[in-house]
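Here's the structure we're looking at; comments come further down.
The values are calculated or read from the model by the stated rules, or taken from the named source; none is laboratory data. As the structure is a prediction and not an experimental result, all values here were calculated from the model. Cβ placement follows ideal geometry from the backbone for every residue including glycine, while neighbour counts extend to all protein chains displayed. For the accessible areas, the whole protein counts, side chains as well, though only heavy atoms, and no ligand, DNA or RNA atoms are used. Shrake-Rupley method; radii C 1.70, N 1.55, O 1.52, S 1.80 Å.
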Amino acid sequence: MKNWYIPDCFWNSHTNGSTVSHEAICVLNATNEDAIVNITLYFEDRDPIGDFSVEVKANRTLHIRMDKIKNKHGQAVLQDTPYAAVVSSENENLYVQYTRVDSSDPSLTLCTTLV
């Protein structure tokens, strides 16, 4: 099992213009086997939310838009709430990147990091 840790996540509800504020966890599976990726969200003041699960096909990439994903209980990512994410998979040969687009300001903010 391999884990990737993203400690600074925040999906801003404010949008300025045509670009919607959002986050994405991008996964590259450059192997010959499909991979199941699980995501658990952690908060400052509440219990974690888990059971977010996606399949990343062999030799493919998947951009998991955090504003669109729901877990198996129908729960979505909370807006305007700081959280952390732990991404895990049995396939240790995946690559994970986190990107945040915050369009609440006219100058637009983009941050991204490999984890």
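Restricting attention to segment 4-37, the residues that are of a type outside the set (Val, Ile, Thr), open to solvent by 60 Å² or more (accessible area, probe 1.4 Å) and out of contact with any Pro (no Cβ under 8 Å at 6 or more places or on another chain) add up to 9. Among the residues making up segment 62-84, a single one is open to solvent by 80 Å² or more (accessible area, probe 1.4 Å), part of a strand (DSSP E or B) and not charged (D, E, K, R): 63. The single condition from (1) more than 23 Å from residue 45 (Cα to Cα); (2) buried (at least 17 other Cβ atoms within 10 Å of the Cβ) that residue 87 fails is (1). Annotation: of all residues in segment 90-115 being over 19 Å from residue 16 (Cα atoms), surrounded by 14 or more Cβ atoms within 10 Å (Cβ to Cβ) and among the hydrophobic types (A, V, I, L, M, F, W, C), the one that is modelled with the lowest pLDDT is 115. A Cβ distance below 7 Å, combined with a sequence gap of six or more or placement on separate chains, defines the contacts here; from segment 90-115, residues that are free of Cβ contacts under 8 Å to residues at least 40 places away in the same chain reach residues that are among the acidic types (Asp, Glu) and open to solvent by 30 Å² or more (accessible area, probe 1.4 Å) in the pairs 109/102. Go through the residues of segment 41-53 one by one and say whether even a single one is open to solvent by 40 Å² or more (accessible area, probe 1.4 Å) and either within 21 Å of residue 114 (Cβ to Cβ) or within 10 Å of the chain's Cα centre (by Cα) (or both). Yes, segment 41-53 has at least one match. A count restricted to segment 26-49 and to residues that are free of Cβ contacts under 8 Å to residues at least 60 places away in the same chain and aliphatic (A, V, I, L, M) stands at 6. Can you find a residue in segment 1-24 that is more than 23 Å from residue 110 (Cβ to Cβ) and assigned to a loop (DSSP other than H, G, I, E, B)? Yes - at least one qualifying residue is present in segment 1-24. The set of residues in segment 16-59 that are among the polar types (S, T, N, Q) and either closer than 19 Å to residue 69 by Cβ or in contact with a strand residue (DSSP E or B) (Cβ under 9 Å, 6 or more places away or on another chain) (or both) comprises 19, 21, 29, 31, 38, 40, 53, 59.
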